[in-house]
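Each reported figure results from applying straightforward, stated rules to the coordinates on display, with no laboratory input. If you're wondering where the values come from, they're calculated on a predicted model, not measured in any experiment. Please note: Cβ atoms are built from the backbone with ideal geometry, for glycine as well, and neighbour counts cover all protein chains shown.
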Amino acid sequence: MKNSKIYDTPAKLEAIHRDIKRLMERSNQEYLDLMMANLRKDFIDSLTVYMSDDIGMGLEKGMVDPCPMRDTCKSIFTDFLEDNSKNIREGKVSEEEIAEKKGELGQIRKQVSFDNCDICFSEVNSLFEKQLNLIDSLQIYNSNDEKKTKISAINEENIVKNALEPLSNKQRLQILKSMVSETRTFSSLSELTGLRGGNLLFHIQKLLKSELILQRHERGDYMITKKGFNLMLLLVNFQKCLED
C-alpha cells in the first residue's frame, strides 16, 4: 500500500503541473485579449479624431463657396458624418445601419436642388466612402460575428502544415496548377518547373505528404487530389479578393 502511494505521487505531480500550465496559458490569453482590446480601442479613438478633422477640412475645402445654403448644408453634412464616426468609435455598426445611412444621405440630396449641389455631395460621398472603408477594415459589422467565430477556430498548425507551407513555393504552386486538367509525369514536371532530379523530387514529396497530389503507382504519373483541387478553388477566390 505504501509503495502504491509512492508510485501515485509522480502522476499526481504531473496532473498538478498540467493544471498549473493550463491556468497560466488561460491567464496569459486573457491578458493578451485585454491588451489587444485596449490597443484596438486606442487605435479606433485615434482614427475617429483624425476622421473628425478630415470631415472639417474636407467640407471646408470641397463645398461650393459662395453659396447661400453653404453653412446650413455644412452643418447637416457634419452631423451626418460625425454620427458615423461615433458608431465606429463604439465598434457597433451593422449592415442595416449602413444601408439606413446611405438612404438618409439620398433623402438629404433630394431635398436640395441648387445648380452646384452635385459638387458638395460628391465631397460628402467621398468622406462617407472613407468611413465605410474604415468600418470594413476594422471588421466591425455585427453580421460578421459568425464568420469571426469560424475564423477564431482556425487550427494554425494544421493550416500552415497542410496548405500554406506546401504552397509557399512558386514551383509547388506551378506543379499543382498543372495537374488541375491532366496528370503529369516526372519529366513533364521537370520541363515545367526547370527543376531536376532531387530538387524536383523534394517539392513533389512536399505535395505528396500534404495529400495535395498522389502518384497513381510506383514510378507512375502524378495527379491532383480532391483536397488539392479544392485548395486551388480557394486560391481563385482569394485572387479575386486581391483584385477587388
**OP:** Assuming R0 = 35 Å, can you tell me the calculated FRET efficiency for the pair SER168 and VAL64, based on Cβ-Cβ distance, to the nearest 0.05?
**Re:** 0.10
Original post:
Using every alpha carbon pair in the stretch 154-243, what percent of pairs falls into each 5 Å bin from 0 up to the bin containing the largest distance?
Top reply: 3, 14, 26, 26, 17, 9, 4, 1, 0
Original post:
According to a simple spin-label model (label point 7 Å from Cα along Cα-to-Cβ), what is the distance in nm between LYS209 and SER190?
Top reply: 2.3 nm
Original post:
Listed highest first by mean packing, meaning other Cβ atoms within 10 Å per residue, what order do 218-224, 105-111 come in?
Top reply: 218-224, 105-111
